[in-house]
1. Would you tally the residues in the stretch A:233-247 being open to solvent by less than 10 Å² (accessible area, probe 1.4 Å) and more than 7 Å from chain B (Cβ to nearest Cβ)?
2. Of all residues in the stretch B:197-221, how many are open to solvent by 40 Å² or more (accessible area, probe 1.4 Å) and within 18 Å of B:ALA86 (Cβ to Cβ)?
3. Given the residues B:GLY107, B:GLY142, which is the only one that is more than 17 Å from the chain's Cα centre (by Cα) and closer than 25 Å to B:VAL198 by Cβ?
4. Go through A:LEU226, A:LEU253 for me and flag whichever is open to solvent by 40 Å² or more (accessible area, probe 1.4 Å), in contact with a helix residue (DSSP H, G or I) (Cβ under 8 Å, 6 or more places away or on another chain) and more than 9 Å from every other protein chain (Cβ to nearest Cβ).
5. Test B:LEU270 against the criterion of being touching a strand residue (DSSP E or B) at 6+ places or on another chain (Cβ under 6 Å), in contact (Cβ under 8 Å) with a residue 40 or more places away in the chain and away from every other protein chain (no Cβ under 14 Å), and give yes or no.
6. So which pairs qualify, if the first residue must be in the stretch A:304-332 and at pLDDT 85 or above, the second must be loosely packed, with under 14 Cβ neighbours inside 10 Å, the Cβ gap must be under 6 Å, and the two must be at least 6 apart or on different chains?
7. Hey, B:ARG254 hits all of (1) under 23 Å from B:GLN93 (Cβ atoms); (2) part of a strand (DSSP E or B) but one; which does it fall short on?
8. Could you go through the stretch B:93-103 and let me know if any residue there is open to solvent by less than 30 Å² (accessible area, probe 1.4 Å), in contact with a Cys (Cβ under 8 Å, 6 or more places away or on another chain) and of a type outside the set (Val, Ile, Thr).
Protein chains: 2
Amino acid sequence: MSAGNHAQGVAFHAKRLGILAVIVMPLHTPSLKVEHTRMHGAEVILQGTTFEESGKFVQVLAKKRNLILIHPYDDYLVMAGQGTIALEMFAQQPKLETLIVPIGGGGLIAGMAIAAKGIKPDIEIIGVQAKQFPAMRDWLNGQRGKCVCGTVAEGIAVKRPGLLTRRVVKNLVDDILLVGEDEIENAVLMLLQIEKTVVEGAGACGLAALLGNFRRFRKKKVGLVLSGGNLDLMTLSTIIQRGLAKNGQLVRLRVELSDVPGELGRLTGLVGEAGGNIMEVFHQRIFSAGPVKTAEVNLVLQTRGLHHLAAITSGLNENGFRTLLPSHEHIG
Amino acid sequence: MSAGNHAQGVAFHAKRLGILAVIVMPLHTPSLKVEHTRMHGAEVILQGTTFEESGKFVQVLAKKRNLILIHPYDDYLVMAGQGTIALEMFAQQPKLETLIVPIGGGGLIAGMAIAAKGIKPDIEIIGVQAKQFPAMRDWLNGQRGKCVCGTVAEGIAVKRPGLLTRRVVKNLVDDILLVGEDEIENAVLMLLQIEKTVVEGAGACGLAALLGNFRRFRKKKVGLVLSGGNLDLMTLSTIIQRGLAKNGQLVRLRVELSDVPGELGRLTGLVGEAGGNIMEVFHQRIFSAGPVKTAEVNLVLQTRGLHHLAAITSGLNENGFRTLLPSHEHIG
């Protein structure tokens, strides 16, 4: 059972070695992960609404069909395999002082912590979890998990950390940081824009943690693991558009105008002259909140950012148009 | 003057060497390129609606301010620098048989052709241009350029190839292929989804040419140059959404329904049960094309692709709803 990379890794090697692979994934797994796993020749069964439900199903299935269960994280060999990432990082940069590693079930960080501390005992190992799914951190603090459904980091949305991984994390991981959804989305966008790399939410958590705690890591040689790129185009597009809305490049503007012919032309003309690119117009007067002789226009606009947006709206105001931005869309 | 990477390269090295850099770019250069060039400390002047207009301006400016002009492609040293890419590719894969290289002004392919044929005289060098801007190919065929404004590959939208580069291309380049806008967008999406890499339109032309001529390149060791990643988020988002619309994952569906209470609920219920994710609903009856007692609903839907979309629409039809897809959105 797997929510992503483990599935693809097992399927790939099973095909290479001529072994049958049956992979169980949660029902709402992004279609890209399912397709890629099937492409490697594995039989994929979608079962369970959470990773935990899939886990229960897979145990029954393994007995019934006489299959060997390869757990995605609670298995020493799986941890050891994932730990080789630390070896590769040291090979490229021996002076690393800190590693920041996302935690779902805990296999990746457990393996990497063992490998890294074996080579360099004073290296600092920092785990990252989504605020919505802080299961490992809660367990270390003696708390019961209070996981909220729904995170853009679905690759680490694990409610119960492994029994074997917990012990390793307790002994070798120095701290676990939590990152919010906004921070994760922002990190995905930075990786796209600056590194030109598609990284999924779970994989971008390390960068999110670094940015959210930059004073703590200042002047240190920090290694981040970008642990997956299974981001389907729909999700990617949504993250991009939310990012554009946040920095004012994509904005919904409500404008009140007198209900006389020509006003809409004057309004859109002014927006165009100011360099605003109108993507959508919705013009209505029945439900206008203003007096009876006013109409309301909703514009979806492309701008060059918050300053440009402010210039457009103040230009409209000077020309007698009252403007209103939907409150959930930021304007500096 | 530059439409992208040349600007950033010159700005980067000028700063490093403590030299003043003034870069002229066309007015509608994507803001990401402008920002990145300014970040490297260069003075950026936006002038001219085309690359050619910027070129005329830069010559006047260079005289007036006593600056040395570093041409983006028509300069033997610039070509030589770009040619080192071929050396790096051979270092990693000595068995390369074909190189596919985008052509704008021709500097990149000229330098690479000289370097590659110097090492391996029988290597095949293939150039790629956008169908909208086939200037170098037209020139080689003795034709005058008939360039159309507007291509997603604005990084190679050059109307007049260099005088020096032309001669090298004529002597050393084996063929020039043309690629359409659809093919370029598709290549950008494949690089995002499979290689997890953000490549701009101009940079994806090589893959587009490979896919459009796959029989020709079958069984050959082909090297592609992904020559730039200056894709701003707005353009990237548009390309993604157009791709989703093309393969039926994002679709606008028009449904006719009786104008009685409860019908909209029944319709959206059926869509939801079939696994369609409704993103937008626009329900109106005044302008319905059908009889007076019918209303019309426009749904913007997320689906898992064309098969899923077909299943949703046939389910609606079985339940008495007449459905219509806007003709410009493909359905297999």
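The values are calculated or read from the model by the stated rules, or taken from the named source; none is laboratory data. Quick caveat, the model's predicted, so the values are computed rather than measured. Glycine gets a Cβ as well: all are built from the backbone with ideal geometry, and neighbour counts include every protein chain shown. Surface areas here come from the heavy atoms of the whole protein model, side chains and all, with no ligands, DNA or RNA. Shrake-Rupley method; radii C 1.70, N 1.55, O 1.52, S 1.80 Å.
1. Residues flagged as open to solvent by less than 10 Å² (accessible area, probe 1.4 Å) and more than 7 Å from chain B (Cβ to nearest Cβ) within the stretch A:233-247 amount to 1.
2. Going through the stretch B:197-221 one residue at a time, the tally reaches 3.
3. Being more than 17 Å from the chain's Cα centre (by Cα) and closer than 25 Å to B:VAL198 by Cβ holds for just one of B:GLY107, B:GLY142, which is B:GLY107.
4. Just a single option satisfies the conditions, and that option is A:LEU226.
5. no
6. A:LEU306/A:GLY332
7. Every condition holds for B:ARG254 apart from (1).
8. yes
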